[in-house]
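In what follows, a structure is listed as C-alpha cells, so that the remarks can point back to it.
All of the numbers you see were taken from the coordinates with simple rules; none came from a lab. The structure presented is a predicted model; accordingly, all values stated were derived computationally and were not measured. Ideal geometry is used to build each Cβ from the backbone, glycine not excepted, and the neighbour counts take in all protein chains shown.
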Amino acid sequence: MRISTRYAAVALAVGAVLTGCSSEAGEAANDAAENTVAVETDATFAAGTTMARIADAGELRVGTKIDQPGFGLANAEGTPEGFDVEMAKIIAAKLGLSEDQIVFQETVSANREPFIQNDQVDIVVATYTINDKRKEIVDFAGPYYVAGQDIMVAKGNPEGITGPDDLAGKTVCSVEGSTPAENIRTNYPQAQLVLYDVYSKCADDLRNGNVQAVTTDNVILTGLVAGSPDQLELVGAPFTEEPYGIGLKKGDDDFRTFINDTLEESFEDGSWEQAWDSTAGAITGEPAPATPTIDRY
C-alpha cells in the first residue's frame, strides 16, 4: 500500500496528532487486522473498460481521508488505515491487485468531486454520502454503510445540547463541502457555523472551548471521542441517514456495476464484516451492523 508523496508529510502530522490524543484509539487503529481477501489471480476484463485499464496499469488510485479514526486515519508511517481503506483493498483484490498496488491520496470533503472529475483518482472511498446533488457530477457504487448525522460536545455536555434544535445561537463546527455542514446551514440557520477542511481541527476547537459543538456523521464523531474520551462525548441522537458510497467518474456504468458486484460479494463472504471488526468496530466496540442494500440506480 502506498500513499502519494504529495500528502505523506501531512499524513504523518495528522496521524501523530490524532494518535497522540489517546493511546486506546491509536492502538485500535494500529492493531487493525490485515485484509485477508484473496487477490484474484485470473482476473480478466473486457478491453477498453476501466477495470482493464487499472489491472493493466497495476495500480488503483484511491482518494480517502486520513483524519478519521476507524474509517481513514494515517498511522505513524503515514499509511491510511480504517474501514474505508479495507473497502479499497477488497475492490483492488477483485481487480487482481494487492494492497501494495493501491496508491492512496488524501481527500477532504470539498475536493472529492474534483479529484474524480480531473482523473486524479480512480475511486473515492472517504465517508462519502450519496446524494442527488453529487450524483449530478459523479456516480456512486454502494452504499456500503449507512451512518447518521450526530453532535459531539464537551465532556459533561455543559451546554445541554440534545439535538440540532439546541444548536441555535451556538458556535458549531463542521467541514466545508460536507453533507452535515450543508444540513446545518440549510435547516438550522440560527447555528453559527464554523468550517474547516478536516474534522480534527473541529475537535481541537471543541477541546479548547472555541466552539460549543461539532457535527458530522456519528461514526466519525465516535472515532474522535475515542481519541479524547476524557474531554469529548457524543450526544447519541442521529437525526439523518447518510449512505456512504464509492465515488467514481460519471457515466462509467461498467465500473460501477463491477464495484457494486464486489461489494455484494463482500457482504456475503464475510470480508465486509471482517473489515468492520478490524477497524471501526475495534475502536467503537460496536458489532458489524446489518449490510445495506446496494442502490443500482
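Considering helices alone, the calculated mean residue ellipticity of the chain at 222 nm is -11000 deg cm²/dmol, with DSSP H runs of length four and up weighted by -39500 (n - 2.57) and normalised per residue.
Assigning unit charges at the beta carbon (Lys, Arg +1; Asp, Glu -1) and nothing else, what dipole magnitude in debye, to the nearest 20, does the chain show about its Cα centre?
Working: 20 positive and 48 negative charges, 190 e Å.
Once rounded to the nearest 20, the dipole reads 920 debye.
Distance distribution note for the chain: the fraction of Cα pairs above 25 angstrom is 44%.
Footprinting exposure proxy ranking of Leu206, Leu193, fewest other C-beta atoms within 10 angstrom first, gives Leu193, Leu206.
Peptide packing: for 269-277, 284-292, the average count of neighbouring Cβ atoms within 10 Å per residue gives the ranking 269-277, 284-292, highest mean first. In the chain, taking the dipole from charged Cβ atoms about the Cα centre, the farthest positive-side position among Gly285, Ala38, Val121 is held by Val121. Charging the Cβ of each Asp and Glu at -1 and of each Lys and Arg at +1, and nothing else, the dipole of the range 194-297 about its Cα centre rounds to 460 debye.
Each peptide in 46-53, 67-74 gets a packing score, the mean of other Cβ atoms within 10 Å over its residues, and the list from highest to lowest is 67-74, 46-53. Helix 5-21 axis versus longest C-alpha principal axis of the chain: approximately 40°, rounded to the nearest ten. Ordered by the number of other Cβ atoms lying within 10 Å of each residue's own Cβ, fewest first, Tyr244, Tyr128, Tyr297, Tyr196 fall into the sequence Tyr297, Tyr196, Tyr244, Tyr128.
With θ taken as phi - 60° and the Karplus curve 6.51 cos²θ - 1.76 cosθ + 1.60 applied, the whole-hertz 3J(HN,Hα) list for the range 121-133 is 9, 7, 9, 10, 10, 7, 6, 9, 5, 6, 8, 5, 4 Hz, x standing for glycine and proline. Express in % the proportion of alpha carbon pairs of the range 149-234 at distances exceeding 14 Å. Everything past 14 Å amounts to 55 percent. Annotation for the range 151-165 versus the range 90-132: alpha-carbon center distance of 33 Å. With both labels modelled 7 Å from their Cα along Cα-to-Cβ, the Ala43 to Thr162 distance reads 5.0 nm.
Could you list, in their original order, any pairs among Lys65/Lys250; Lys89/Lys155; Lys135/Lys155; Lys89/Lys133; Lys135/Lys201 whose Cα atoms are separated by more than 26 Å?
Working: Lys65/Lys250 21 Å; Lys89/Lys155 36 Å; Lys135/Lys155 38 Å; Lys89/Lys133 28 Å; Lys135/Lys201 28 Å.
Cα-Cα > 26 Å for Lys89/Lys155; Lys135/Lys155; Lys89/Lys133; Lys135/Lys201; rest within.
Legend: ranking of residues Arg134, Arg185 from fewest to most surrounding C-beta atoms inside 10 Å; resulting order Arg185, Arg134.
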